[in-house]
Amino acid sequence: MTTLIFGHKSPDTDSTGSPLIWEWFLKDAGVDAKAVLLGQPNTEAAFVAKRWGFEQPEIVRDVTDGQACVIVDTNNPAELPENINGADVQAIIDHHLLVGGIKTKGPIDVTIRPLACTATIMHQLMGDKAAKMPEGIKGLMLSCILSDTLAFRSPTTTPVDKALAEDLAADLGIDITAYADEMFAAKSDVSAFSDAELLRMDSKEYEIDGTKFRVSVLETTSPAAILDRKDALVAAMPAVAAEDGVDQVLLFVVDIIREEATMLLPNDLTKQVAKASFDADTSTDTVVLPGVMSRKKQIIPHLKK
């Protein structure tokens with residue numbers, strides 16, 4: 001049976017690139033493996049795959065009973081196929097907090113490390129085989145790290161991630177600043193996406209005291225292009241929340257250049273969360289949060305209501 005490798009349902013660059021990286025590694029070890037996606041990748045992820053010569057992996061919506069699979073860049077059942085506990089999960093490679101809820105058919109390899117990027121962990125797991133990576137795989141790995149660290153601006157960045165990215169860039173003859181600018185420009189072009197798609201594009205479910213939220217983060221070098229759609233995004237929130245089985249969508253627009261986030265405050269609940277979580281001034285329908293760039297480190301751990 002082919003082993004499927006996939007990340008979370010809202011594929012960003014790490015959840016698109018890392019399955020392809022691990023597909024190469026497993027195939028090199030003689031394993032029949034295939035990278036797949038659980039949703040449409042964002043524009044940056046699509047740009048990165050094309051830039052390094054990869055076709056977009058097939059999108060699958062669920063897995064069958066007994067399907068061999070490797071989970072990367074998440075360990076949260078809410079971000080995985082509905083039948084994940086019926087599949088034969090063989091390994092998890094991740095850099096997020098341990099959520100729990102995945103039931104496996106036997107002991108498996110689980111690697112969760114406090115690094116900024118799944119691809120960095122994969123490089124460590126490869127050991128000596130990392131030296132065999134072809135150019136395209138190196139390019140994917142560099143791209144994943146630059147995306148997840150926002151070119152080292154994010155507080156999630158570790159010296160390990162930065163050193164690996166710099167080594168990969170030197171090996172590939174890539175100027176990190178110029179290449180990151182290309183990636184972020186691609187990420188910032190969201191004109192083709194509907195309001196509902198934008199709210200789901202880079203989002204995770206999170207529960208606070210019985211209230212379920214979809215925490216959406218849009219990282220961009222052109223925040224005005226998103227904030228100009230504020231009214232339409234707010235209007236789409238109730239339908240997205242109802243369809244996804246959550247109580248409220250929380251949207252943060254991260255300005256990569258200014259290193260700040262703008263949170264939309266369309267109602268009393270979002271204002272309550274902003275006040276309790278960030279001690280924010282909630283007198284208007286948006287609030288700017290200076291220095292806030294990481295959902296994993298600066299948003300979700302602080303959410304209260």
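The values are calculated or read from the model by the stated rules, or taken from the named source; none is laboratory data. Remember, predicted model here, so these are calculated numbers, not experimental data. Virtual Cβ from ideal backbone geometry, glycine too; neighbours counted across all protein chains shown. Protein only, heavy atoms only, side chains kept; ligands, DNA and RNA dropped before computing areas. Shrake-Rupley method; radii C 1.70, N 1.55, O 1.52, S 1.80 Å.
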Discussion item. Here is a check on your reading of the model: is Ile145 touching a residue at least 24 places away in the same chain (Cβ under 8 Å) and not in a loop (DSSP other than H, G, I, E, B)?
Written reply: yes
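Can you tell me which residue in the range 149-159 is surrounded by the most Cβ atoms within 10 Å (Cβ to Cβ), limited to those that are out of contact with any Lys or Arg (no Cβ under 9 Å at 6 or more places or on another chain) and either of a type in the set (Gly, Ala, Ser) or assigned to a helix (DSSP H, G or I) (or both)? Even if it seems obvious, please write down each step before you answer.
Of the range 149-159, the ones out of contact with any Lys or Arg (no Cβ under 9 Å at 6 or more places or on another chain) are 150-151, 153, 157-159.
Next, from what is left, pick out any that are either of a type in the set (Gly, Ala, Ser) or assigned to a helix (DSSP H, G or I) (or both): 151, 159.
Values: Ala151: 19, Pro159: 8.
Looking at residues that are out of contact with any Lys or Arg (no Cβ under 9 Å at 6 or more places or on another chain) and either of a type in the set (Gly, Ala, Ser) or assigned to a helix (DSSP H, G or I) (or both), I get Ala151.
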Practice prompt. State which residue pairs qualify: first residue within 20 Å of Glu79 (Cβ to Cβ) and inside the range 40-63, second residue aromatic (Phe, Trp, Tyr) and not in a loop (DSSP other than H, G, I, E, B) in any location, beta carbons under 9 Å apart, and separation of 6 or more residues or different chains.
Written response: Glu44/Phe184; Pro57/Phe6; Val60/Phe6; Val63/Phe6
Discussion item. Can you tell me which residue is farthest from Gly100 (Cα to Cα) among those in the range 184-217 that are touching a strand residue (DSSP E or B) at 6+ places or on another chain (Cβ under 6 Å) and modelled with pLDDT of 95 or more?
Written reply: Leu199
Worksheet item: Going by the structure shown, is Ala224 farther than 17 Å from Ile299 by Cα, out of contact with any helix residue (DSSP H, G or I) (no Cβ under 9 Å at 6 or more places or on another chain) and among the small types (Gly, Ala, Ser)?
Response: yes
Item to complete: Just one of (1) part of a loop (DSSP other than H, G, I, E, B); (2) under 25 Å from Val190 (Cβ atoms); (3) touching a residue at least 24 places away in the same chain (Cβ under 8 Å) trips up Pro114, so point out which.
Response: (2)
Worksheet, complete the sentence: How many residues of the range 182-225 are in a strand (DSSP E or B) and either within 17 Å of Phe47 (Cα to Cα) or open to solvent by less than 50 Å² (accessible area, probe 1.4 Å) (or both)? The answer is 12
Discussion item. Please go through the range 226-268 and give me each residue that is under 21 Å from Ala45 (Cα atoms) and part of a helix (DSSP H, G or I), ordered by number.
Written reply: Ile226
